[in-house]
Amino acid sequence: MTQIDLQLMRVFEALNEFGLAEDTVIAFTSDHGEMLGDHDFYRKAVGYEGSARVPFMVAPAPHDTVALRGTVVDEVVELRDIMPTLLELAGVPVPETCDGKSLVRFLREVPAAVEHPAGEHPAKAHSADALEPWREWLHGEHVYFGQSLQWVTDGCVKYLWASGWGTEELFDLDADRGELHNLAPLARTCRFVGAVEGPTDPHPCQPSLR
């Protein structure tokens with residue numbers, strides 16, 4: 001952290017030296033984390049939090065008087081969101097072909113929790129866009145030693161599957177941020193029992209993530 005602080009200070013000093021500090025947005029992130037032994041992995045490329053969850057911090061330009069400062073937003077974002085975010089902050093139109101989504105809404109007002117479209121898990125959205133959730137889910141994919149590793153998450157729940165290993169995992173991130181308790185077997189059991197019981201059963205299996 002000391003090294004990061006030192007290098008950021010060099011950036012700030014250079015911006016002040018060249019008179020650019022008032023009009024510059026600072027964005028800090030990382031391309032990936034390192035597993036460091038979590039789930040017996042020691043590198044990047046996997047969908048677990050230790051690899052996929054990285055910080056994304058934005059310091060708006062000092063002259064931006066309507067920007068929020070010192071707030072924390074817990075939303076599912078990805079690196080492709082950086083470009084449209086910086087373009088919108090700079091007043092430049094975002095290309096329609098852009099895959100990412102601008103995060104400027106979270107720099108203007110505090111996001112408010114709204115009901116997820118599926119009605120099962122809360123999804124957060126901008127208070128002015130209560131009818132339009134920020135992002136229902138995020139899909140990631142990476143080739144890892146010749147096989148496809150994929151994951152889907154809405155920030156509250158994460159589902160991972162590996163093509164080569166033939167495994168699937170389901171985690172309740174709210175209750176299990178370390179992803180230690182795989183709920184996929186429970187979900188499979190409930191799907192099987194539900195199919196056997198049939199849709200008319202008065203007491204169907206109710207799978208729960210808690």
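Below are the figures for this structure:
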quantity: Candidates Leu107, Leu86, Leu68, Leu131 - the one that is more than 16 Å from the chain's Cα centre (by Cα), modelled with pLDDT of 90 or more, aliphatic (A, V, I, L, M) and not in a strand (DSSP E or B); calculated: Leu86
quantity: Any hit, segment 36-58, residues being in contact (Cβ under 8 Å) with a residue 12 or more places away in the chain, closer than 18 Å to Lys158 by Cβ and polar (S, T, N, Q); calculated: yes
quantity: Unmet requirement for Thr2, which otherwise passes all of (1) more than 18 Å from Val104 (Cα to Cα); (2) touching a Phe, Trp or Tyr at 6+ places or on another chain (Cβ under 7 Å); (3) exposed (fewer than 11 other Cβ atoms within 10 Å of the Cβ); calculated: (2)
quantity: Subset of segment 148-165 (residues that are of a type in the set (Gly, Ala, Ser) and at negative phi); calculated: Ser148, Ala162, Ser163, Gly164
quantity: Segment 164-196: number of residues that are modelled with pLDDT under 80 and either in contact with a Lys or Arg (Cβ under 9 Å, 6 or more places away or on another chain) or part of a loop (DSSP other than H, G, I, E, B) (or both); calculated: 2
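This table checks each residue for (1) surrounded by 11 or more Cβ atoms within 10 Å (Cβ to Cβ); (2) closer than 28 Å to Gly164 by Cα; (3) of a type outside the set (Ser, Thr, Tyr).
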| site | (1), (2), (3) |
| --- | --- |
| Thr24 | yes, no, no |
| Ala27 | yes, no, yes |
| His39 | yes, yes, yes |
| Glu49 | yes, yes, yes |
| Phe56 | yes, no, yes |
| Asp64 | yes, no, yes |
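The values are calculated or read from the model by the stated rules, or taken from the named source; none is laboratory data. All values reported here derive from a predicted model rather than from experimental measurement. With ideal geometry, Cβ positions are generated from the backbone for all residues, glycine too; neighbour counts draw on all protein chains shown.
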